[in-house]
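One structure below.
The values are calculated or read from the model by the stated rules, or taken from the named source; none is laboratory data. The structure presented is a predicted model; accordingly, all values stated were derived computationally and were not measured. Counting neighbours? That spans all protein chains shown, and the Cβs are built from the backbone with ideal geometry, glycine included.
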Amino acid sequence: MTNKQRFLAAMRLQTPDEVPVAPLIHCRYAHTVLGRSDWRAVFEVHRMVGSCHHRGPLGVGVQCKALPDGYGSESRVIEELPDGRVTTQETIRTPRRALTGKSVAGMIPHDPLVGKTTEYPVKDEADWRAYLDYRQQVAACLGGPELSQITEAVAVMGEDGMPSVGLGPAYTALGSVRGMQELIMDMHDCPDLLDELFVVERQIQRKSVESFIAAPTEVAWLDICWATGSNLGPKLFERWALPDVIEAVETVRSSGADLNDNILGLYTLGRMKELMPMLADAGARFVGSFEPNQGDLSLAEAKRLYGNRLCVMGNFNCLVLSFGTVEDAKQEAMRCLREGMGDGGYIMISADEVPADTQMDNLKAWVETVHEHGGYAR
């Protein structure tokens, strides 16, 4: 079977010839290896180590008409320091109010793509109301899908990789302009206003899911890690973040498309034990990554409890890639095989993004071990 065939078989809870292995290589490690951070670079690194592409910087777009006069957004560099640090200012404009935020990148010389938001554009309730006005205008201007990037990726990868696309939920969109901790506080302080914001953001999220349905790829992942990794707790998660998942799943189901050709799952982080029943009931087709260090649900337990309902993805310890030995990488791969392999429906991924300082020999040893020991008896 090809890399893509193995991946899709596991996604459909079938048994491929061997466990698909798909390290979560992203921009940072691709930049370390090749000096580039686009999806093509990520795919090239996968080909170098023999793994299957999944969850690189690849997405679908939505066409958008021009916003009305007075509305818009811009980003500009406002400071560049000799040590490589770059400060960028982001501005969101409405006729009545301008919202300004700042971010810094380049503060780690050996990992220059790392960035940090130092000022969020939404700072109070008045800012939220201006942002609501802005996003309502954006939602009204959205049109059909924009699929040029994913169409090209499908053609380039062929059977060597799974050109899955990432989708952003409403929760993350709002957190990105307010900050995670402040957003949680606002859930308590101004819930009615947040309800209005979530309604609009889920309209925008729906357009992205519709673009995935129209795209020439079978797999998309909704990145809910900001919600699962922020220790919301099950009650707040069910109130504010779970509806993003339900909305996305229902959009796929109601489209009339073949669900085996439109597979929507979740990328998560953090403590998952109390959240997994909700996600399984919501209809997620796959869930990863069951972190071994920060999580509270082991790969073995996730496979035992949910392996007959969804594809389980996880949970190779990323620290081994940076700080372990080749033998450590082999042993970690064997652990994941013992816990997750079962009779199919499992894809071995890293518990989070492959670190920028990953040792290539460790990454290769991981993939080679799966190829050698991850075969299913026929």
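Go over the candidates P163, P112, P121 one by one and state the one that is under 27 Å from M180 (Cβ atoms), assigned to a loop (DSSP other than H, G, I, E, B) and within 22 Å of the chain's Cα centre (by Cα).
On the way: P163 fails: under 27 Å from M180 (Cβ atoms); P121 fails: within 22 Å of the chain's Cα centre (by Cα).
After applying the criteria, what remains is P112.
Residues checked against (1) of a type outside the set (D, E, K, R); (2) surrounded by 20 or more Cβ atoms within 10 Å (Cβ to Cβ); (3) at pLDDT 95 or above:
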{"residue": "E182", "(1), (2), (3)": "no, no, yes"}
{"residue": "D189", "(1), (2), (3)": "no, no, yes"}
{"residue": "E218", "(1), (2), (3)": "no, yes, yes"}
{"residue": "D261", "(1), (2), (3)": "no, no, no"}
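Among the residues making up the stretch 13-51, those that are of a type in the set (G, A, S), crowded, with 17+ Cβ neighbours inside 10 Å and in contact (Cβ under 8 Å) with a residue 40 or more places away in the chain are A22, S37, S51. Within the stretch 114-137, the residues that satisfy the criterion of being buried (at least 16 other Cβ atoms within 10 Å of the Cβ), touching a strand residue (DSSP E or B) at 6+ places or on another chain (Cβ under 7 Å) and either at pLDDT below 95 or not hydroxyl-bearing (S, T, Y) (or both) are P121, V122, D127, A130. Going through the stretch 235-256 one residue at a time, which ones are closer than 23 Å to M162 by Cβ and more than 15 Å from the chain's Cα centre (by Cα)? Across the stretch 235-256, the qualifying residues are V249, T251, V252, R253, S255.
Filtering the stretch 209-225 to residues that are within 18 Å of L242 (Cβ to Cβ) and assigned to a helix (DSSP H, G or I) leaves V209, C225. If I filter the stretch 352-378 down to residues being out of contact with any strand residue (DSSP E or B) (no Cβ under 8 Å at 6 or more places or on another chain) and of a type in the set (A, V, I, L, M, F, W, C), which single residue comes out as farthest from R28 (Cα to Cα)? Taking the candidates together, the pick is A377.
The strands (runs of 3 or more DSSP E) found entirely in the stretch 257-351 include none that carry 1 or more residues being within 16 Å of the chain's Cα centre (by Cα), over 21 Å from W221 (Cα atoms) and among the hydroxyl-bearing types (S, T, Y). Within the stretch 205-227, residues that are closer than 19 Å to S176 by Cα reach partners that are acidic (D, E) and surrounded by fewer than 23 Cβ atoms within 10 Å (Cβ to Cβ) with beta carbons closer than 7 Å, at six or more positions or on different chains, in the pairs Q205/E247; R206/E247.
Would you tally the residues in the stretch 297-314 being polar (S, T, N, Q) and either farther than 20 Å from L24 by Cβ or at pLDDT below 95 (or both)?
Residues of the stretch 297-314 that are polar (S, T, N, Q), as a first pass: 298, 308.
Next, only the ones that are either farther than 20 Å from L24 by Cβ or at pLDDT below 95 (or both) stay: 308.
Selection size over the stretch 297-314: 1.
Residues that are touching a residue at least 60 places away in the same chain (Cβ under 8 Å), in contact with a helix residue (DSSP H, G or I) (Cβ under 6 Å, 6 or more places away or on another chain) and not small (G, A, S) within the stretch 248-263 comprise just one, I263. Can you confirm whether the stretch 280-287 contains a residue that is in contact with a Phe, Trp or Tyr (Cβ under 8 Å, 6 or more places away or on another chain), of a type outside the set (F, W, Y), surrounded by 17 or more Cβ atoms within 10 Å (Cβ to Cβ) and within 27 Å of L8 (Cβ to Cβ)? Scanning the stretch 280-287, I find at least one residue that is in contact with a Phe, Trp or Tyr (Cβ under 8 Å, 6 or more places away or on another chain), of a type outside the set (F, W, Y), surrounded by 17 or more Cβ atoms within 10 Å (Cβ to Cβ) and within 27 Å of L8 (Cβ to Cβ), so the answer is yes.
Of the candidates L232, L197, the single residue that is over 17 Å from the mean Cα position of the chain (by Cα), buried (at least 18 other Cβ atoms within 10 Å of the Cβ) and in a loop (DSSP other than H, G, I, E, B) is L232. Checking each residue in the stretch 166-189 for being out of contact with any helix residue (DSSP H, G or I) (no Cβ under 6 Å at 6 or more places or on another chain) and not in a helix (DSSP H, G or I) picks out G166, G168, G179. The sole residue among D343, D296 that is surrounded by fewer than 18 Cβ atoms within 10 Å (Cβ to Cβ), in contact (Cβ under 8 Å) with a residue 60 or more places away in the chain and out of contact with any Pro (no Cβ under 6 Å at 6 or more places or on another chain) is D343.
Scanning the stretch 63-70 for residues that are at pLDDT 95 or above and buried (at least 17 other Cβ atoms within 10 Å of the Cβ) turns up nothing.
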